[in-house]
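Report on the following structure.
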Amino acid sequence: MISKFIEYIKKNKYLILIAIGVILRLIWIFAMPTYPETDFMWYHVKGVELSQGKGFLYGYYPYYTGIPGMPTAFRPIGYPGTLAVLYFIFGSSFFGIEFMVAKLFNIVLSTLIMFLTFKLAKQFFGKKIAYFTLFIYALSPLAITYNSIICSELLFSAVLMLSIYLYFNKNNPIVIGLLIGYLTLIRPIGVFIPVIFVLYEFIKKDVNLKQKIKYIVSFGVSVALVITPWIIRNYFAFGEFVFSTNGGYVFYVNNNDYAIGSWSDPFKYPDSPMLKYKVGDGFDEMAVNKHGKELAKQWIKENPKRFIELAFLRIANSYWYKTDDIMWSLTIGINQWHPITSKAVKLEKLLYRPFYIVLFIFILYAIIRFIRQRKIDFTTFILLIFLYFNAMMFVLEGNSRYVFPLHPIYSMGVAFIMFSVLKLLFPDKLSEN
């Protein structure tokens with residue numbers, strides 16, 4: 001039995017890298033007492049309340065305790081609902097350690113991500129690039145430290161990777177549609193991701209038009225089956241069909257005279273039009289959502305040049321200036337940070353700015369390749385994913401947390417470019433497979 005296991009490991013050496021990645025993540029979540037702050041406390045408390053049958057309720061910072069009779073749709077229910085299932089079955093603590101169930105769930109998600117990342121990279125880029133990709137992601141400081149944050153990013157990333165893997169291998173439109181529907185409920189930025197799959201399916205060259213239409217209809221119906229109950233719930237809660245009341249808030253925060261290309265407090269702007277929607281320590285999320293959309297659209301029409309400037313600033317913030325999301329793994333209390341936080345942020349900038357430079361080289365390669373060769377393949381799919389998320393950031397917000405869930409996919413592109421350079425330098429020692 002042991003000899004068979006050893007033989008299996010020898011044939012699948014990537015499992016050793018995954019095991020190392022898992023061990024590092026386990027060490028981190030037990031060694032670093034990350035305390036959920038802001039969004040992360042919101043996710044945790046909403047998950048607890050749902051598991052206790054209290055409903056999906058509005059609550060104020062910093063603990064977001066639900067107020068009876070005040071429903072919320074500020075973020076979709078996907079991640080809090082998933083936590084609620086875990087908390088209902090296991091509770092929120094493990095061996096008396098608070099928040100540990102959510103953190104251990106992150107380890108499970110990370111393991112799945114590493115596995116799927118290797119499999120996809122091997123399938124489309126070859127074994128050596130796959131190992132290089134897995135090495136980059138498994139040992140990535142961000143990919144390790146995010147495991148101690150009660151965040152939606154890892155679940156979003158895992159479901160996205162699973163959807164992509166199944167799409168390029170099994171490609172059952174009903175299964176893919178159900179997964180993508182779930183994905184849209186995990187993070188609001190994913191609301192239009194179904195369009196990527198529809199677009200890619202439509203431009204594929206090896207499928208006739210009738211098959212494409214049949215696939216797209218089955219896929220669309222499956223997506224709708226998942227999100228419709230949420231939309232209906234919001235209609236009964238607010239009297240309107242709405243996916244998330246966060247949209248207008250974010251749209252306005254990032255498109256006004258005081259916008260800075262990342263988050264800022266709209267209630268602290270001089271003569272803020274949002275002040276009239278303040279309710280105690282919180283605000284009327286539905287009113288802010290509706291008015292925010294109107295104000296942002298009007299501002300963009302009146303300030304097209306400033307909008308473009310802010311749009312590029314948002315992209316720059318996401319990949320360069322505001323690469324500091326590692327700090328959310330170093331909160332040890334409400335507004336309390338671990339002493340190593342500033343050093344960790346410096347390390348992130350040092351490591352990930354070059355990573356993103358190489359990524360943009362890969363994207364440029366993918367664009368040129370598509371224009372010249374008109375190839376529709378996995379590289380094209382990565383390009384579509386990149387364009388979608390950057391288009392969202394271009395209009396909404398510069399935030400490195402929007403980029404992190406795509407690191408498994410982006411690591412493939414980075415590994416491909418780095419391996420290609422090494423192959424040019426050492427042609428006799430390296431080959432693609």
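Rule-based calculations on the coordinates, nothing more; no lab input. If you're wondering where the values come from, they're calculated on a predicted model, not measured in any experiment. When we count neighbours, we look across all protein chains shown, and the Cβ atoms used for this are built from the backbone with ideal geometry, even at glycine.
Which residues in region 45-78 place their backbone N less than 16 Å from a point set 7 Å from the Cα of ALA287 along the Cα-to-Cβ direction?
It comes to 70-71, nothing else.
Considering the alpha-carbon set of the chain alone, what are its Rg and its Dmax in angstrom?
Answer for the chain, Rg first and Dmax second: 22.2, 73 Å.
Could you give the size of the charge dipole of region 170-289 about its Cα centre, using +1 on the Cβ of each K and R and -1 on the Cβ of each D and E, expressed in debye and rounded to the nearest 20?
Result for region 170-289 is approximately 760 debye, rounded to the nearest 20.
Step through the table entries LYS276/LYS301; LYS11/LYS128; LYS54/LYS268; LYS4/LYS423, compare each Cα-Cα distance with 26 Å, and write down the pairs that go over it.
Checking Cα-Cα distances, LYS54/LYS268; LYS4/LYS423 exceed 26 Å.
Label points 7 Å out from Cα along the Cβ direction at TYR365 and LYS205: separation in nm?
The two pseudo-label positions are separated by 2.1 nm.
Placing +1 at every Lys and Arg Cβ and -1 at every Asp and Glu Cβ, with all other atoms neutral, what dipole size does the chain have around its Cα centre, in debye to the nearest 20?
1640
Using only the alpha-carbon atoms, what does region 79-213 span along each of its principal axes? Please give whole angstrom values in decreasing order.
57, 35, 22
In Å and whole numbers, how far do the C-alpha atoms of region 207-346 stretch along each principal axis, longest first?
Cα extents, longest axis first: 57, 38, 38 Å.
Which of the trypsin sites (Lys or Arg not before Pro) found in region 201-305 are loop residues per DSSP with 16 or fewer other Cβ atoms within 10 Å of their Cβ?
Here the trypsin sites (Lys or Arg not before Pro) that fit, given the DSSP loop and packing criteria, are LYS204, LYS205.
Which of ILE300, ILE260, PHE283 sits closest to the plus end of the dipole of region 254-331, meaning its Cα is farthest towards the positive end, when Lys and Arg get +1 and Asp and Glu get -1 on the C-beta?
With unit charges placed on the Cβ atoms, the residue in question is ILE300.
Using a Gaussian network model on the chain with a 10 Å cutoff between Cα atoms, which of LEU359, LEU179, LEU295 fluctuates the most?
LEU295
Taking the Cβ-Cβ separation of ILE97 and PHE267 as r and a Förster radius of 51 Å, what is the calculated FRET efficiency to the nearest 0.05?
For R0 = 51 Å, the calculated efficiency reads 0.90.
Search the structure for amide H atoms under 5 Å from the amide H of ILE332, placed 1.01 Å from N in the peptide plane, and list their residues when 5 or more places away or on another chain.
Those qualifying (amide H under 5 Å, at least 5 residues apart or on another chain) are TYR35, TRP337, HIS338.
What whole number of Å gives the distance from the Cα centroid of region 40-70 to the Cα centroid of region 145-183?
Centre-to-centre (Cα) distance: 25 Å.
If the chain between GLU7 and GLN298 were fully stretched, how many nm would it gain, using 0.36 nm times the residue separation less the Cα-Cα distance?
Full extension from GLU7 to GLN298 adds 98.3 nm.
From the residues ILE89, SER222, LEU155, which one has its Cα farthest along the dipole of the chain in the positive direction, the dipole being from +1 and -1 charges on Cβ of Lys/Arg and Asp/Glu about the Cα centre?
SER222
Under a plain spin-label model, where a point goes 7 Å from the Cα along Cα-to-Cβ, how far apart in nm are GLN336 and ILE23?
Those two pseudo-labels are separated by 3.2 nm.
For region 68-120, taking Cα atoms only, what is the radius of gyration to one decimal and the Dmax to the nearest whole Å?
14.5, 47
Using helices alone, what [θ] at 222 nm do you get for the chain, with -39,500 (n - 2.57) per DSSP H run of 4 or more residues, divided over all residues and rounded to the nearest 500?
Calculated from helices alone, the mean residue ellipticity at 222 nm is -21000 deg cm²/dmol.
How many nm separate the modelled label positions at ALA391 and GLU309, each set 7 Å beyond the Cα in the direction of the Cβ?
2.6
Checking the table LYS170/LYS204; LYS322/LYS343; LYS119/LYS212; LYS170/LYS214; LYS127/LYS205; LYS170/LYS212 against a 18 Å threshold on Cα-Cα, which pairs fail?
LYS119/LYS212; LYS127/LYS205
Mind listing which chymotrypsin sites (Phe, Trp or Tyr not before Pro) in region 225-322 are in a DSSP loop and have 14 or fewer other Cβ atoms within 10 Å?
Loop-located and lightly packed - PHE241, TYR258.
What fraction, in whole percent, of alpha-carbon pairs in region 178-224 exceed 13 Å separation?
54
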